Amino acid sequence: MNTETMLKNALEAEADALGAIDNPWPGFERRERKHRNRRRTALAGMAAVVAAGAGVQAGVIPLPGWAPGIQVAGFNAVLADGPVRGSLAGDKAFLEAMRQQFQDVEDPDETWRIADRGKIEFVYAADVGDTRLVLAVVPLRFGFLEDNALIWYDGPAGAPASRMTEGGRTDAGDTVVTYSQRSAEKPGPLVVVAPAGTTVSVSEGFRYTPEGRVEHAPAQVQKAGTGLAELVLPPAPKPPETKVTVTDGADVLFEGGASTGWSSNKDYRPDEFSAATVTEALGDRTFDRATITRWANSALQDGRLSAEGTALTVRWTGTVNGQPAALLTVQPRGGGVLAYAFHGSADSYRQDLRLLLPAQGVTERPIAWRMRADGKDDKTNQVVVVGAAGTRRLTLQVGSAQPVELTPDATGAATTSAPPQAEARVTAYGETGVDLGTTPVPMFEYDSGGLPGDTPKTRVVG
């Protein structure tokens, strides 16, 4: 068992011991990748000082091949273990030609050059549908610094190496990588490469249930035990939601969405509301039309929904931190309700909330969200609470403490505070003190890439 697996298991065990909280491993992986990037930047700055006189670190003067490099971060290229996989694995002439086709990586203000083409390690090569794909671990060097990347190259099926171009890249230490290119007009490939011996399952499609759950389509197992999935998927009228699960026996190594590129030749986008729909939802509110349209479409696209059959409601408009703000809900026909809060402008805004709610009683219940510091990712104590029409009183209860009364402004919203790590709930009361509903204040979300409602922090059940 390697160090990464031991740490993953330890974090999962700690999460189980603490109760129903999110598995911390995916978040740890994302933060570690960020840390590696920061280390890369810091080391680049340090090496630049050392080499400034010679111009080596800046790339002005090439670094001699014999000169030692500073490794940005240690990694275990799991996917490079074992033989090359895919239908072109035995085409040695093509793979040797590909060594010369890989290009240096151009990052902002720096160029990471291929350190040694002889050390490029091919992971996968195949024709899948109309696409030829190659995945390799590529050694890179920037002045005194060394790093590695998993890089995809793609081209038409049957293409020679000279017609292959970069199709994406990721950290060389990733244990699962995906490639997918879909469009509204034609089929496209989905390839998942995972450690040899694992099993890949793919699920395409989902629905939001009226009870406030995400229900994914049944998963289809692909080539059990090979650590590989190769599919040609049909045209997608809107950006698709494809869920990938990788298991090693009873252990789940990866569960999440596929990295998917999508395009359409049509001017009309099915995941954008019409101007008439937005106008009707806004009603007589005096709010910038372009801003509310941008936010409504952002909510629709984040929920992977089509405008057709999806109801849009502007629940509240006002200001947050001195900027225009709004609370919107979108509801697919017969499904749960997705609530989104935004503040800012059409061109520069922040999504403060995305939450899946049960359909029953959603129009009466209050909705609250926690705020991050403007322009930063720092958590604050600030909580915004919005009551529904007919609300006469609002209260906030933090943990087991006594509820405190909130004072709504003229728009029906109140700003209060709660410790970022503390559980809290808001309750709304109507005429004669009738209880309209109680809603938990969602905890801060760390992974905003998946579907709202797929994690406990983005859903309310009951």
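The values are calculated or read from the model by the stated rules, or taken from the named source; none is laboratory data. Keep in mind the model is a prediction, meaning the values are calculated, not measured. Note that we place each Cβ from the backbone using ideal geometry, even for glycine, and neighbour counts take in every protein chain shown. Quick note on the areas: whole protein, heavy atoms, side chains included, nothing else; ligands and nucleic acids left out. Shrake-Rupley method; radii C 1.70, N 1.55, O 1.52, S 1.80 Å.
Listed values, structure above:
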quantity	calculated
Cβ-defined net charge surrounding ASP127, 14 Å radius [Lys, Arg +1; Asp, Glu -1]	-1
For the range 186-231: rounded, prolate or oblate by the Cα gyration tensor [a/c cutoff 1.5]	oblate
Cross-link pairs LYS266/LYS376; LYS243/LYS376; LYS266/LYS379; LYS243/LYS266; LYS266/LYS457 - those with Cα-Cα distance over 32 Å	LYS266/LYS376; LYS266/LYS379; LYS266/LYS457
Where only alpha carbons of the range 251-362 are counted, the Rg and the Dmax (Å)	15.1, 54
Cβ-Cβ FRET estimate between THR165 and PHE444, R0 fixed at 45 Å, reported to 0.05	0.70
Spacing of the two label points (7 Å from each Cα toward its C-beta) at VAL461 and ALA157, in nm	4.2
Shape category assigned to the range 373-423 from the gyration tensor of Cα positions, a/c cut at 1.5	oblate
Nearest-0.05 FRET efficiency for GLN360 and THR111, computed from C-beta distance (R0 60 Å)	0.60
FRET efficiency for ALA373 and THR407, using Cβ-Cβ distance with R0 set to 22 Å, rounded to 0.05	0.40
Sequence-distant lysines (8 or more away, or on other chains) whose Cα lies within less than 28 Å of LYS119	LYS34, LYS92
Average accessible area per residue (Å²) across the range 330-462 - probe 1.4 Å, nucleic acids and ligands excluded	46
Largest-first principal axis extents of the Cα set of the range 215-288 (Å)	58, 28, 19
Theoretical gain in end-to-end length, VAL221 to ALA196 [0.36 nm per residue, Cα-Cα removed]	7.5 nm
Projected area averaged over orientations for the range 140-284, convex hull of C-alpha atoms, nm²	14.7
Virtual paramagnetic centre 7 Å along Cα→Cβ of SER400, amide N under 14 Å, in the range 411-447	423
The range 319-448 - Rg (one decimal) and Dmax (whole number), Cα, Å	14.4, 43
Gained length - SER274 relative to ALA422, 0.36 nm times residue gap less alpha-carbon distance	49.3 nm
Distant-in-sequence amide H partners of LEU353 (H built 1.01 Å from N, under 5 Å)	ALA341
DSSP-defined beta bridges in the range 110-267 - what % are antiparallel, rounded to 5	95
